[in-house]
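Participant: Below is a structure I'd like to ask you about.
Throughout, read-outs are computed from the coordinates displayed, never taken from laboratory work. Note that the structure is predicted; figures quoted are calculated from it, not measured. So basically every Cβ, Gly included, is an ideal-geometry build from the backbone, and we count neighbours across all protein chains shown.
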Amino acid sequence: MKNYVIIISGRGSNMEALLTANLPGRCAAVISNRPAAAGLVYAARQGVATVVVDHKAYPDRAAFDAALAAEVERHQPDLVLLAGFMRILSPAFVRRFAGRMLNIHPSLLPAFPGLRTHAQALENGVRLHGCTVHFVTPDLDTGPIVIQAAVPVLDDDTPESLAARVLAEEHRIYPQAARWFLEGCLHVDGLCVRLSRPGPIPAALSFPVG
């Protein structure tokens, strides 16, 4: 059975979706850079090992990333899942886990990388917004896309209301992407990701690759 590790910074709602999805693998640990992250409590209640690597305990990003990488490697993961991890990882960290690290981002990449994605969507007047699961590369939010889900932007939307609808889609597509990876169905071809066999699409407005 393959192992996976989830890295969080806060409440971990995407982590909860992953842990309850009956993925074809074992969650070896949930790791957080914040000791007070609410997601750690939930993970522990599910019988999952929890670990804190507090970024404030290290003098710089390089030292923290080295400690985090060592902790991740200790669990021998086949897959690393970033689920609301609110730090930019160094190129050295990303290269160490290249090809086996996924992230979920709350926009339809390549639109609106970085922060404030829902506010940016409203400010730019887009009619569709959504979320993207992608492989992590050294350049922020630019890795090969695995799956996306879209929601309509309504005239009376606020960043909060739009975020809530997008989050529901995140909870559907991230477990699907993780499942595909753990089943060996994902194959990176340059900037594209191919599916060796199609899987069920978790929402009517979700668009898989391949």
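Participant: Pairs, please: C-beta under 9 Å, at least 6 apart or cross-chain, first residue under 15 Å from ALA29 (Cβ atoms) and in region 51-62, second assigned to a strand (DSSP E or B) and among the polar types (S, T, N, Q)?
Facilitator: Within 9 Å, the pairs are VAL51/SER32; VAL52/SER32; VAL53/SER32.
Participant: If a residue must be part of a helix (DSSP H, G or I) and farther than 23 Å from PRO175 by Cβ, how many such residues does region 91-131 contain?
Facilitator: The qualifying residues number 10.
Participant: Name the single residue, out of those in region 121-144 being surrounded by 14 or more Cβ atoms within 10 Å (Cβ to Cβ) and more than 21 Å from the chain's Cα centre (by Cα), that is nearest to THR158 (Cα to Cα).
Facilitator: LEU122
Participant: Could you figure out which of (1) within 23 Å of LEU191 (Cα to Cα); (2) among the basic types (Lys, Arg); (3) part of a loop (DSSP other than H, G, I, E, B) isn't true of ARG87?
Facilitator: The one condition ARG87 does not meet is (1).
Here is a yes/no grid of residues against (1) more than 24 Å from HIS171 (Cα to Cα); (2) part of a strand (DSSP E or B); (3) among the basic types (Lys, Arg):
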residue: ILE7; (1), (2), (3): no, yes, no
residue: ARG11; (1), (2), (3): no, no, yes
residue: ALA17; (1), (2), (3): no, no, no
residue: ASN22; (1), (2), (3): no, no, no
residue: VAL30; (1), (2), (3): no, yes, no
residue: ARG34; (1), (2), (3): no, no, yes
residue: ALA44; (1), (2), (3): no, no, no
residue: GLU73; (1), (2), (3): yes, no, no
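Participant: Taking the condition over 20 Å from CYS131 (Cβ atoms) and in contact with a helix residue (DSSP H, G or I) (Cβ under 8 Å, 6 or more places away or on another chain), does GLN76 pass?
Facilitator: Criteria not met by GLN76.
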